[in-house]
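Right, one structure below, let's go through it.
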Amino acid sequence: MNKTFTFKITEEQHLGRIDKILPKLMNDVSRSQIQKWIESGHVMVNGKTVKPKYKLANNDQIKVVPVEPQKIDLTPEDIPLDIVYEDDDVLVVNKPQGMVVHPSAGHPNHTLVNALLYHSPLSTINGEFRPGIVHRIDKDTSGLLMVAKNDHAHQCLAAQLKAKTNEREYIALVHGQIEEERGTINAPLGRSTINRQKQAVVADGRHAVTHFNVLKRYQHYTLVSCHLETGRTHQIRVHMQYIGHPLAGDPLYGPRKTLPGNGQYLHAKLLGFVHPTTNEQMTFEAPLPEYFQTMITYLNTHDL
C-alpha cells in the first residue's frame, strides 16, 4: 500500500500556493513530482482535491497519497529506424506517425527509445526512461528528432534548446482558410482546468510563441509552416486551435468532423542545431510522409 503523508498548516511561512509550499514540506521529493501528484488528484486539502494554484490557509489539512510508479523494463528492441544522420555524438531520426518517443506507464515498450537502445549507446542525463532524448514530439506527429549519444552532446543540445537557437519547422494542415500570409501566436500554455489531458492557453501558463506562414489555401483547409520559438507540450496544436484553426485530424483539439487518418496532420520537417563537438551548423529536412502527401494530393483535386 502507498504511504500517506499528512500536514496541518499552522505557520505563516506555509501560507501560499500549494504547488509552491508542498515542496518545502516534502523537501526530499522533486517539485515536478509533486506537481504531477496535485494534477492527478493525489493531493487533497480538507478532504477535497485541489488545483496547483490553490492558496493554503491556516488550519488547512493536507493529505498526500503518492502514486507508486508502474515498473517499466527498458528493453532494447530491434525496431527499424529511419536515421537521417549519425556520428559519435548525435543522431537525427525521422520518427513515424504512431510511435511514442519514450516509455511511460501507458506505453511501456515499442517506443523510439527502445529502438534507439538496440541501435546505439545513449546519453544518461535525462533519466532512466528517456536516455538520449533532448526533445520530443507527440505520438501521432511525424518527423525529425535530435538524439544525444553521450552526456556532453546532451548538455550542448539542451542548452541550445533553452537559448532558442535551434531551428525547428513543422508542416501542419489546419481547418479553415487563414486570411493572413503570416502571423505570430504569443499565448502562455498550461494544463487545462477543464480537461486534465489537455493543454490550454492560460493566464499563468508558461511563455509560448509560434510563428506561422501560409503555404497553400484550400476551400476548407490551409497548409502552413510553423516555426517554434518555444517547445511546450502540444504547442502548435493548442496555438492553432486558439486562433480558430485547429489541426486536421487532431483527436484532442480538433472538431469531431475532420479529415480521416491516424491523428493530427503535423510533421516536423526541418531541424537545425550546432554540432556539440565540431561547432558546425547542421540542418536536416524530412519530406512529408506518405499519409500526409496522399491527403495533400487529394485536397489538390477535391478542395480547391
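We did not get these values from a lab; they are worked out from the coordinates using the rules stated. Predicted model only: the values in this text are computed from it and were never measured. In this analysis, Cβ positions are derived from the backbone assuming ideal geometry, glycine residues included, and neighbour counts consider all displayed protein chains.
Assorted remarks:
- Charged-residue dipole, Cβ positions (Lys, Arg, Asp, Glu), the chain about Cα centre, Debye nearest 20: 1560 debye
- The helix-only estimate of mean residue ellipticity at 222 nm for the chain, built from DSSP H runs of length n ≥ 4 each weighted as -39500 (n - 2.57), is -5500 deg cm²/dmol after division by the residue total.
- For the residue pairs Lys20/Lys48; Lys51/Lys149; Lys8/Lys51; Lys139/Lys162, the C-alpha atoms sit more than 29 angstrom apart in Lys51/Lys149.
- Local charge for Arg196 was computed over the other residues whose Cβ lies under 12 Å away, with Lys and Arg +1 and Asp and Glu -1, and equals +3.
- Cβ-based exposure ranking for His220, His14, His175, in which fewest neighbours within 10 Å come first: His220, His14, His175
- Near Tyr265, once Lys and Arg are set to +1 and Asp and Glu to -1 for all other residues with Cβ below 10 Å from its Cβ, the sum equals -2.
- Rh (Kirkwood; distinct C-alpha pairs) - the chain, Å: 21.3 Å
- With a cut-off of 14 Å between beta carbons, the residues surrounding Phe212 carry a summed charge of +1, where Lys and Arg count +1 and Asp and Glu -1.
- Neighbour-count order for Arg206, Arg256, fewest beta carbons within 10 angstrom listed first: Arg256, Arg206
- Selection among Thr165, Gly272, Gln241 by position relative to the dipole of the chain gives Gln241 as farthest towards the positive end (Cβ unit charges, Cα centre).
- Spread of Cα-to-Cα distances over 5 Å intervals beginning at zero, given as percent, for the stretch 5-64: 4, 21, 36, 28, 10, 0
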